[in-house]
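Below is one structure, written out as structure tokens, with a few remarks after it.
The values are calculated or read from the model by the stated rules, or taken from the named source; none is laboratory data. Keep in mind it's a predicted model, so treat the numbers as computed, not measured. Note: ideal-geometry Cβ built from the backbone for every residue, glycine included; neighbour counts use all protein chains shown.
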Amino acid sequence: MEKFVIHSPDPLLRIGKDGRVIYSNETAELFLQEWGITTGEKVPYSIGNIVKRVIARNNPEKTEIKLRKRVYLISFYPLEGEGQVNVYGFDVTNHKKLKEKLLVKERQSDALHNMGRMALRCESLQAFMDESVKLVARTLGVEYSKIMELLPDGNFLLRAGAGWKPGFVGKAIVSGSKEYQAGYTTYSKVPVIVRDFKKEERFSAPSLLREHDVASGISVVIGQMEKPFGILSAHSKKPRKFVADDTYFLNSVAFLISEVIERRHAEEELRQYKEQLEELVKKRTSELIRTNERLIEEIAGRKQVEKALQNNVYFLETFLDAIPSPVFYRNLVGIYQGCNEIFAREVLGLPKEKVIGHSMFEFREQFSDETLKDSTFYDRMLLEEGRSIPHELKVRCAIDGKERDFLAHKATYSSVSGDIIGIVGVMLDITERKKAELALLKTEEIRKKEIHHRIKNNLQVISSLLSLQAEHFSDREVRESFQDSQNRVISMSLIHEELYKTGETGNFETFDFKAYIQKLANELFTSYVVGNQDIHLKLDLESVFLGMDTGIPLGIIINELVSNSLKHAFPGGRGEIQIRLHRIGSGKVECEDKNTGRCETYKFLLAVSDNGIGLSGKIDFRHTSSLGLQLVNILVEQIDGSIELVRGAGTEFKIKFRENA
């Protein structure tokens with residue numbers, strides 16, 4: 001117990017009635033040092049009086065002593081019959097601070113409560129702000145408090161204040177620059193505390209604060225950070241350290257002010273809206289009375305319109321049923337919205353009620369996959385490109401179970417607003433017409449075949465006549481002219497022979513140009529190469545089918561160029577002639593096709609060359625007296641082609657032309 005008393009953290013003293021210290025533990029030595037005494041010496045006069053009073057009355061007493069920024073509660077207990085007093089000390093510093101903090105909290109809470117009551121009691125917003133700044137100044141114990149309203153130009157107006165000199169409130173303007181506390185608070189968006197403006201480095205004190213000798217201050221934003229109403233501030237003439245509780249209190253006040261401002265603005269807007277609403281109600285009531293009168297008239301008219309519309313619908317259904325061809329209309333996703341009886345009964349074998357509302361893809365027995373694919377393709381072309389192309393469809397009709405051919409004509413239909421909402425179609429039965437066309441086509445094929453055969457025979461007769469006529473002339477040039485003419489006739493005759501043979505496979509319009517060139521070249525070599533001449537032919541040909549309009553001019557061109565080479569290129573009787581034909585490109589052009597509306601054209605290169613003595617550089621093949629070259633230029637232009645002469649070790653003519661697929 002003795003050690004406990006000696007080392008106790010609480011001070012313990014024993015003092016006699018004469019005021020002398022009889023005993024002191026280690027902690028109590030601080031008191032003796034503060035009093036400037038030691039054990040055995042007298043305590044200060046005030047402490048000695050308390051000791052005498054406690055012994056005399058035999059009743060304990062308590063008092064507080066402040067020692068080196070600490071506060072102690074000192075208890076004096078008398079020892080009966082001994083004339084001494086035990087003195088016990090307890091450190092109550094934290095307790096005192098907590099008590100003071102609670103008092104501040106209580107005072108601030110009361111202030112906020114009073115502000116809430118003021119918000120309900122004050123008739124105007126200005127009166128509320130005036131009372132609020134006074135309450136802030138009293139609660140924080142400062143000389144000045146103010147509300148700065150943010151103006152549209154970015155500066156601040158001293159809207160309400162407490163403690164300021166007359167003539168400032170309502171008139172003083174402070175710059176909104178962040179070089180001053182108000183602007184800096186708005187810029188930083190957090191509470192700003194200034195302990196001493198003389199030492200402040202973030203911003204300066206405006207003239208308003210300098211004129212009032214302000215030393216310290218705290219400011220917070222009123223309202224939302226994105227669109228604040230202004231700044232709430234409190235200022236003191238003496239340097240002061242504002243604490244977190246002060247910031248919390250000022251923020252709470254700013255929040256209440258902001259809520260009141262918003263409520264007042266809302267009330268004003270509500271009042272104006274109420275007045276406008278009352279006026280609008282009067283206006284609308286009058287309008288409703290007039291509208292009601294017109295509505296009664298419109299209802300009567302609408303009934304007549306509905307009756308007429310019902311008659312039109314009945315007429316439309318009757319009209320569709322009277323059309324002797326299947327008619328239908330679908331929405332944009334292929335669901336039937338209506339049809340006539342022929343389409344429902346004869347094509348699908350169902351009543352109209354079981355067709356409407358169903359997709360065309362549900363009727364697989366009548367519509368094959370190919371038919372659905374074609375129909376979808378032309379529907380998309382109609383909707384996307386606006387082109388309505390009649391197209392053929394094969395449909396297995398329910399009335400007899402046979403597959404029939406139809407020609408479908410389609411168009412879009414729109415809503416009242418002009419938006420396309422579906423497709424209407426009419427199907428013409430062309431089964432019998434197709435049979436007649438097929439029979440006619442066979443007759444036409446036979447006729448074309450006979451024509452080509454007769455033309456070929458006639459051209460061969462002409463060739464024979466030219467050959468016979470040439471024998472009556474002894475002049476070499478005349479005989480060569482007859483031979484050239486005979487070869488030209490043969491080139492045309494061979495084309496009709498190829499068309500005649502190709503027609504056996506069902507096409508009289510085109511022929512195999514590769515086979516034709518081979519025959520033509522052989523005919524020319526047979527005609528010109530005689531004796532011991534060693535002239536060879538080299539062919540590099542791609543299989544190509546051409547029409548007469550392109551093939552005949554090209555045949556004559558090849559005839560002229562090969563003939564020229566055979567006659568003039570090889571004076572020594574030795575050499576080689578080469579004919580090349582290749583496709584060099586393809587692409588789409590603007591032309592119409594009866595089914596797809598488009599066609600393709602291919603670009604070809606025809607080259608006729610020899611390794612003979614070459615064409616003289618003085619000869620311009622485009623402007624020459626040679627009948628053969630003149631004919632070549634005319635025929636190239638006729639087929640919209642181009643020709644190029646390549647000079648070098650021999651002669652080469654390159655001809656580029658196009659032909660539809």
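Annotations
- Unique residue being closer than 24 Å to Glu123 by Cα and either of a type in the set (A, V, I, L, M) or modelled with pLDDT of 85 or more (or both) when the list is Tyr187, Tyr273: Tyr273
- Test: residue in the range 113-130 that is crowded, with 18+ Cβ neighbours inside 10 Å, outside any helix (DSSP H, G or I) and of a type in the set (Phe, Trp, Tyr): no
Yes/no matrix, rows are residues, columns are (1) out of contact with any helix residue (DSSP H, G or I) (no Cβ under 6 Å at 6 or more places or on another chain); (2) of a type in the set (A, V, I, L, M); (3) at pLDDT below 90:
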site: Trp35; (1), (2), (3): yes, no, yes
site: Gly40; (1), (2), (3): yes, no, yes
site: Thr63; (1), (2), (3): yes, no, yes
site: Arg68; (1), (2), (3): yes, no, yes
site: Leu73; (1), (2), (3): yes, yes, yes
site: Leu79; (1), (2), (3): yes, yes, yes
site: Gln84; (1), (2), (3): yes, no, no
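- Residue satisfying condition, being surrounded by 17 or more Cβ atoms within 10 Å (Cβ to Cβ), free of Cβ contacts under 8 Å to residues at least 60 places away in the same chain and among the basic types (Lys, Arg), within set Arg330, Arg380, Arg404, Arg364: Arg404
- Selection count, the range 152-169, where residues are loosely packed, with under 13 Cβ neighbours inside 10 Å and under 22 Å from Phe229 (Cα atoms): 3
- Any chance Lys442 is surrounded by 11 or more Cβ atoms within 10 Å (Cβ to Cβ), modelled with pLDDT under 90, charged (D, E, K, R) and not assigned by TED's automatic domain parsing to the domain that holds Ile342: yes
- Annotation note: of Val313, Val305, Val347, the sole residue that is touching a Pro at 6+ places or on another chain (Cβ under 8 Å) and either outside any loop (DSSP other than H, G, I, E, B) or under 21 Å from Glu403 (Cα atoms) (or both) is Val347.
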